[in-house]
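Some notes on the structure that comes next.
The values are calculated or read from the model by the stated rules, or taken from the named source; none is laboratory data. This is a predicted model, so every value here is computed, not measured. A quick note on method: Cβ atoms are made from the backbone with ideal geometry, for glycine too, and the neighbour counts reach across all protein chains shown. Calculation scope for accessible area: heavy atoms of the full protein, side chains included, ligands and nucleic acids excluded. Shrake-Rupley method; radii C 1.70, N 1.55, O 1.52, S 1.80 Å.
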Amino acid sequence: MISEKRRGYLTTDFKTRAEGDKKIIEGYFIRYNESTEIWEDFFEMVAPEAVVKSLEKNDIRALFNHDTGMVLGRGGAGTAVFENREDG
């Protein structure tokens, strides 16, 4: 089996700003109940219940391009804040 590297691009509406020496990225990382094509002809939909326990119990990291070596912020370190809202 030959594995091909995934090349996908998603459009987002993240907002960025600086507050003093901090750089802030704000927006939705997950939208609930919306179909997203993550590979050609492969779609994913996230239910609101899917993240509840993770938000409560895990040290969630915001990564650049899913690269664990490129951490933008961590919930446990207080450098990232994650909220569970009605739509995402």
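The count of lysine pairs in the chain that are at least 8 places apart or cross chains, and whose C-alpha atoms lie under 30 Å apart, stands at 8. Protein heavy-atom surface of the chain, 1.4 angstrom probe: 50% of the accessible area is carbon and sulfur, with nucleic acids and ligands not counted. Taking the DSSP beta bridges with both ends in the chain, the antiparallel portion is around 90 percent. So between Lys23 and Lys57, what do we pick up on full extension, going 0.36 nm a residue minus the alpha carbon distance? Result: 9.7 nm gained on full extension. Sites counted here are trypsin sites (Lys or Arg not before Pro) in a DSSP loop (not H, G, I, E or B) having no more than 11 other Cβ atoms within 10 Å; the longest part of the chain that contains none of them is 8-84.
Given the choices (1) 1.03; (2) 1.24; (3) 1.14, Cα Rg over 2.2 N^0.38 Å derived from the coordinates of this structure is entry (2). For the range 9-51, the set of GluC sites (Glu not before Pro) satisfying both a DSSP loop assignment and a count of at most 10 other C-beta atoms within 10 Å is given as Glu40.
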